[in-house]
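First the structure, in the form of structure tokens, and then the observations on it.
The values are calculated or read from the model by the stated rules, or taken from the named source; none is laboratory data. Worth saying up front: this structure is predicted, and the values here are computed from it rather than measured. Backbone-built Cβ (ideal geometry, glycine too); neighbour counts: all protein chains shown. Ligands, DNA and RNA are stripped out before the accessible areas are found, and what is left, the full protein with its side chains, is counted by its heavy atoms. Shrake-Rupley method; radii C 1.70, N 1.55, O 1.52, S 1.80 Å.
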Amino acid sequence: MGHGLDTIFIPRSVAVIGASETPGKAAERRTRSLIRDGYRGDIYLINPKRERLFDRKAYRSILDIEAASVDLVMIVVAPKFIPQAVADSVKKGAKGIIIITAGLGETGEEGKRIEAQILQTAEAGGAKILGPNCSGLFSAGADMNLLGVPTIRKGPLAIIAQSGNIIDSLTHYADLRKIGCRGIISAGNAIGLKFHEYLEYLGQDPETKVILLYMEGITAGGELVRVAREVSKHKPILVLKVGRFSAGARAAASHTGSLAVDDAVVEAAFSQAGMIRVANVDEMFDMAAGFAEMPLPRGPKVGIVSEGGGDNSVAADNAERFGLSVPVLSEKTQEAIRPFLLAGMPASNPVDYGGTAEENPDMINRIVEVLMQTDEVDSVYITGFFGGFKEIIAPHVGELEEKTSQALVRLVRTWGKPLVVHTSFANEAFRSMEILKENGIFLTPSSERAAECLACMSRFVRHGRKRQTDSWPEISGIDPKHAAAVIEAVRNSGRSTLLETEARELLACYGIPLPPAMLAKTPAEASTAAEKLGYPVALKIVSSAIVHKSDIGGVVLNLAGDRAVEAAFEETRRKVSALSPSGSILGMLVSPMALKGRECIIGMVRNPHFGPVLMFGLGGIFVEVLKDVAFRVAPPTRLDIREMIREIRGFALLAGVRGEKPKDVGTLEDILARIARMTQQHPEIKEIDINPVIVHERGATIVDARVILE
């Protein structure tokens with residue numbers, strides 16, 4: 001493929017440092033599988049205590065190999081020997097180094113020190129590290145099995161996982177379902193090669209159809225989102241990320257920081273990137289099997305067929321719960337179905353064929369054929385008791401069921417629509433069931449899983465279509481140099497939190513509209529400013545020692561008249577002075593009261609895994625109590641921003657309810673795009689809170705802004 005990882009996945013030669021013939025050892029299993037499964041390149045076995053291994057020449061050191069260089073090295077030695085093994089591998093020209101050994105960074109500081117040392121050595125020599133603490137690698141393109149497991153069937157799946165046990169489970173499922181793998185990567189501690197690098201490689205591989213990703217931790221999350229965004233346009237990425245419920249809200253100086261708990265951001269990032277998150281290994285493999293074996297649906301409309309109303313009702317509920325639609329079929333289509341039903345049975349969708357199929361299961365494929373031919377549904381979902389009629393009626397019905405299964409297979413191949421079959425007999429060794437399994441029909445004993453699979457495929461198709469026409473926001477009228485000067489001035493003053501006056505100046509550098517405001521240092525200046533700006537006005541304390549002004553009474557609203565402004569100035573300064581260090585109060589910011597509208601919050605926080613993350617939500621109780629917010633990793637596309645605003649539960653309040661006119665969502669989208677650009681160009685910005693932003697029918701008013709530097 002001409003990719004930088006070709007020498008790892010399709011190496012011309014492999015050396016095993018620590019090779020062994022002792023049964024049961026990690027090195028013995030991997031060396032044996034490498035030789036047994038027919039790797040086509042040169043194999044070099046390194047063991048200073050042996051002259052021959054597996055009836056092949058053994059070498060004391062990798063440096064003793066006659067060849068000028070070795071592409072890929074697998075190291076299986078004790079931790080204390082790894083630095084030297086890596087150094088020797090680099091000297092021998094290795095471009096890929098797989099470290100199986102455990103007991104390094106995951107065990108403590110000494111292990112982390114060794115990891116840092118070997119990573120530095122490898123990078124200096126242009127080598128990529130896979131692992132350590134990993135199970136190895138399988139590459140069908142090179143017939144290379146460095147996992148030490150039984151022969152792996154070749155096929156369309158690619159697995160990237162941080163757990164050897166997860167790999168074992170997935171490969172076992174694959175063997176049971178007779179679905180093969182293109183590549184299996186045990187990432188381990190992932191100190192060198194990162195998930196996004198594997199993902200990019202597999203995304204370009206024409207033989208890889210589905211990518212399965214198991215993650216325990218995330219590094220370079222921003223790059224992961226960037227790469228996955230492109231790969232998911234044409235290949236499904238199924239991800240199982242553990243730790244979903246372990247992270248609590250961290251203490252932060254902003255609303256955004258306190259709301260951006262780890263898994264909320266992970267969920268948003270995966271969705272943004274088009275990655276399909278699953279909850280467990282069996283769900284992951286079921287989804288993978290569906291993608292690998294079935295044609296993709298054109299849309300979310302599903303036709304449901306069963307011999308009983310109960311199963312139909314359960315299936316319809318499951319379908320709609322997962323986002324599918326169950327449309328009422330046209331009268332023309334219903335007329336085509338009715339000849340196969342008992343008189344009076346519903347043909348509208350779900351279709352109930354009653355007891356007709358118990359003795360004549362051919363009725364099932366006749367109905368399915370009608371659904372396959374119509375554009376009114378995009379997929380077909382059989383639910384109920386199919387496969388077990390011979391148990392109820394008579395053995396001869398089993399032969400009829402087999403013919404029905406063969407007919408269903410032909411229909412899928414002819415019309416190119418996915419078909420899922422839910423039956424309690426899915427795991428029985430009946431020939432009718434085996435025919436479906438052998439020919440890629442999704443068969444499951446779970447009505448829920450059947451609907452989930454179709455919904456998952458439908459979302460993938462919809463995501464790919466949307467992303468094909470997506471684009472980056474166009475942003476003009478910004479002044480990054482002035483913004484950098486504002487930030488530098490704050491740093492030079494020894495502060496990390498910008499005063500509101502400085503935050504306003506910074507936002508203005510990025511074309512973010514702000515209402516007029518004037519800084520007053522005395523009561524008289526405040527009343528003069530209020531006269532110029534127009535009553536009623538608000539007063540807000542400006543102090544380097546105060547982050548949350550309203551919490552200590554530093555904000556006074558709806559002031560009308562000189563006396564009211566001057567009295568509020570004096571009282572607020574007196575009250576705040578008692579709580580603040582001497583000299584920290586710069587003055588009071590005077591601004592006109594904002595027009596009525598809908599309060600929103602816009603923010604940014606730098607996530608340790610993903611970098612800058614944007615937040616949007618409605619203000620007031622929606623953010624304080626309900627935490628109705630949405631996140632996106634920067635940089636966002638137009639579609640990211642559009643969907644971000646519309647996915648909050650309270651979006652209807654912006655769209656217009658009970659006679660209210662819609663609010664100016666376009667202005668909110670523009671502000672989010674500009675904040676994203678600012679955070680990209682100024683990585684020293686740690687958190688931003690614009691709260692509230694009052695959005696009107698036209699335009700929006702930023703009432704308060706808080707910016708915190710690293």
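What is the one condition in (1) open to solvent by 40 Å² or more (accessible area, probe 1.4 Å); (2) at pLDDT 95 or above; (3) not in a loop (DSSP other than H, G, I, E, B) that Leu176 does not satisfy?
(2)
Specify the residue that is nearest to the chain's Cα centre (by Cα); the eligible residues are those in the range 584-594 that are assigned to a loop (DSSP other than H, G, I, E, B) and at pLDDT below 90.
Once the filter is applied, the top-ranked residue is Ala594.
Of the conditions (1) assigned to a helix (DSSP H, G or I); (2) over 30 Å from Lys178 (Cα atoms); (3) over 30 Å from the mean Cα position of the chain (by Cα), Met363 clears all except one; give me its number.
It fails just one condition, (2).
Among residues belonging to the range 460-476 that are modelled with pLDDT under 95 and part of a helix (DSSP H, G or I), point out the one that is surrounded by the most Cβ atoms within 10 Å (Cβ to Cβ).
Looking at the filtered set, the residue picked out is His463.
Output the residues belonging to the range 292-315 that are open to solvent by 10 Å² or more (accessible area, probe 1.4 Å) and within 21 Å of Ile435 (Cβ to Cβ).
Ala292, Glu293, Met294, Pro295, Glu307
Being over 19 Å from Glu293 (Cβ atoms) and open to solvent by less than 60 Å² (accessible area, probe 1.4 Å) narrows it down to one residue among Gln204, Gln162; which is it?
Gln162
What are the residues in the range 114-142 that are open to solvent by 30 Å² or more (accessible area, probe 1.4 Å), under 30 Å from Glu207 (Cα atoms) and of a type outside the set (S, T, N, Q), if any?
Matches in the range 114-142: Glu123, Gly126, Lys128.
Output the qualifying pairs, or none if there are none: Cβ atoms under 9 angstrom, residues six or more apart or on different chains, first residue in the range 547-558 and under 17 Å from Thr501 (Cα atoms) and of a type outside the set (Val, Ile, Thr), second residue in a helix (DSSP H, G or I) and open to solvent by 50 Å² or more (accessible area, probe 1.4 Å).
Gly554/Lys575
Would you be able to say whether some residue in the range 639-661 is open to solvent by less than 30 Å² (accessible area, probe 1.4 Å), touching a residue at least 60 places away in the same chain (Cβ under 8 Å) and closer than 20 Å to Met593 by Cβ?
no
Please list, ordered by first then second residue, the pairs with beta carbon atoms under 9 Å, 6 or more apart or interchain, first in the range 57-76 and closer than 22 Å to Asn133 by Cβ and touching a residue at least 60 places away in the same chain (Cβ under 8 Å), second in a loop (DSSP other than H, G, I, E, B) and among the hydrophobic types (A, V, I, L, M, F, W, C).
From the range 57-76, the pairs are Leu72/Ala94; Leu72/Leu146; Met74/Ala19; Met74/Ile100; Met74/Leu146; Val76/Ala19; Val76/Ile100.
Could you tell me which residue of the range 360-401 is farthest from Ala316 (Cα to Cα), considering only residues that are modelled with pLDDT under 85 and among the aromatic types (Phe, Trp, Tyr)?
If we take residues in the range 360-401 being modelled with pLDDT under 85 and among the aromatic types (Phe, Trp, Tyr), then Phe389 is farthest from Ala316 (Cα to Cα).
Just name the residue that is least open to solvent (accessible area, probe 1.4 Å) out of those in the range 86-113 that are touching a residue at least 60 places away in the same chain (Cβ under 8 Å) and more than 25 Å from Lys25 (Cα to Cα).
Lys92
Which of the residues belonging to the range 154-182 are over 25 Å from the mean Cα position of the chain (by Cα) and under 22 Å from Leu5 (Cα atoms)?
Lys154
Look through the range 1-32, keep the residues that are of a type in the set (Gly, Ala, Ser) and in a helix (DSSP H, G or I), and return whichever of them is most open to solvent (accessible area, probe 1.4 Å).
Within the range 1-32, the match that is most open to solvent (accessible area, probe 1.4 Å) is Ala26.
Quick one: Gly243 ticks every box in (1) over 21 Å from Asp6 (Cβ atoms); (2) open to solvent by less than 10 Å² (accessible area, probe 1.4 Å); (3) within 20 Å of the chain's Cα centre (by Cα); (4) at pLDDT below 95 bar one, so which box is it?
Gly243 satisfies all of (1) over 21 Å from Asp6 (Cβ atoms); (2) open to solvent by less than 10 Å² (accessible area, probe 1.4 Å); (3) within 20 Å of the chain's Cα centre (by Cα); (4) at pLDDT below 95 except (2).
Step by step: first the residues of the range 218-240, then only those that are outside any helix (DSSP H, G or I), surrounded by fewer than 20 Cβ atoms within 10 Å (Cβ to Cβ) and out of contact with any Gly (no Cβ under 8 Å at 6 or more places or on another chain), then the one that is modelled with the lowest pLDDT. Which residue is that?
In this case the residue turns out to be Thr219.
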